[in-house]
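Structure first, then comments.
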Amino acid sequence: MAEDAQKAGGFLEPEIEELRLKAKLSGSFDDITKRLSNLELFDSMKMGPENIMLLRVESKDIQKRPFLFFLITFAKDSLTVQYSIAHDSSVRMRRLFIIKNLLGVLSLISDVYYVDNTELFQHADSAIDDVLSTIPQSYSSLYNAYDSLNNEYKELRRLNIELTASNKNLTVQGMQLNNDNRELKQKLGELQTYSDEALMAKVQDWIESHDSTIDINEFSKTNGVPAPRVEQILNVMISRGYIEVKG
């Protein structure tokens, strides 16, 4: 433990912990060696007549001795994991890290090497509970709030993309409608613009169909011709003798 640690070279040597599980070799050590020989996680592998040892050295001390490491030993009826824990690091996180790596290794040899799952799951459950117990409730609440806001952000971002695309489509449609509107106004203006002869013909037809009378405002609204122009054309028709004023 920390209080029993000895100083070496001016710093505290790491604590060493051990995890032991019941196991059963259903294949052969050669099978395990073939499966695990290409793992980049481990620095060395040693196979003996009674076991296989996998060593991972994460860091060394000033004398080049392993400082942070873990050693997995596969025996015929047991599995042992020895690992170091630095005094300035989290014991709980270290244990969880070791179990995570152990589970990864065991998943590769589950058909040739069986480990008592009950013991393994108990160790994993305990390690997870230890880590979760260190997380303050305020952090948990903060994370839940973050997760909720993150989901809302993703949804708003999705809607923003959809609305942006929709806005582009509406802009294109609006431009097309404006062009169509200008063309229609132009055509309407052309239809509403009569030559003097055409307008005189319309006035003549109106007078004949309205008992030789004409209401300038009504004629103007019906034919889309400004009232002053109607008066002007009437004067022209009178001066040319096409019509005459009665009364």
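Every number here is computed from the coordinates shown, using simple stated rules; none is lab data. Because the structure is predicted, anything quoted here is derived from the model rather than measured. In this analysis, Cβ positions are derived from the backbone assuming ideal geometry, glycine residues included, and neighbour counts consider all displayed protein chains.
With all pairs of different alpha carbon atoms counted, what Kirkwood hydrodynamic radius in Å does the chain show? Can you show the working numbers first?
On the way: mean 1/r = 0.0363 Å⁻¹.
Its Kirkwood hydrodynamic radius stands at 27.6 Å.
Among residues other than GLU50 whose Cβ falls under 13 Å from its Cβ, what is the net charge (Lys/Arg +1, Asp/Glu -1)?
Net of charged neighbours comes to +1.
Longest segment of the chain with no GluC sites (Glu not before Pro) in a DSSP loop having at most 16 other Cβ atoms within 10 Å?
51-243
What is the extension gain from LYS34 to LEU149, computed as 0.36 nm multiplied by their sequence separation minus the C-alpha to C-alpha distance, in nm to one decimal?
36.6 nm
Sequence neighbours fewer than 8 away in the same chain don't count; with that in mind, list the lysines whose C-alpha is under 16 Å from LYS46.
Excluding near neighbours in sequence, the set is LYS34, LYS76.
At 7 Å along Cα-to-Cβ for each site, give me the label-to-label distance between ASP205 and LEU156 in nm.
Distance between the two pseudo-spin positions: 6.4 nm.
If the reach is capped at under 26 angstrom between alpha carbons, list the lysines near LYS154, excluding any in the same chain fewer than eight residues apart.
LYS154 reaches LYS168.
I want the local charge near TRP206. Using Cβ-Cβ distances under 13 Å, sum +1 for each Lys or Arg and -1 for each Asp or Glu among the other residues.
That works out to -3.
Net charge within 12 Å of ARG20 by Cβ-Cβ distance, Lys/Arg positive one each and Asp/Glu negative one each, not counting ARG20 itself?
Values: positive: LYS22; negative: GLU17, GLU18, ASP77, ASP116, GLU119.
The answer is -4.
Can you give the calculated 222 nm mean residue ellipticity of the chain, where each DSSP H run of n ≥ 4 adds -39,500 (n - 2.57) and the sum is split over every residue, rounded to the nearest 500 deg cm²/dmol?
It lands at -18000 deg cm²/dmol.
What length, rounded to one decimal in nm, is gained on full extension from ASP130 through to GLN232, with 0.36 nm per residue of separation minus their alpha-carbon distance?
Value of the extension gain: 26.6 nm.
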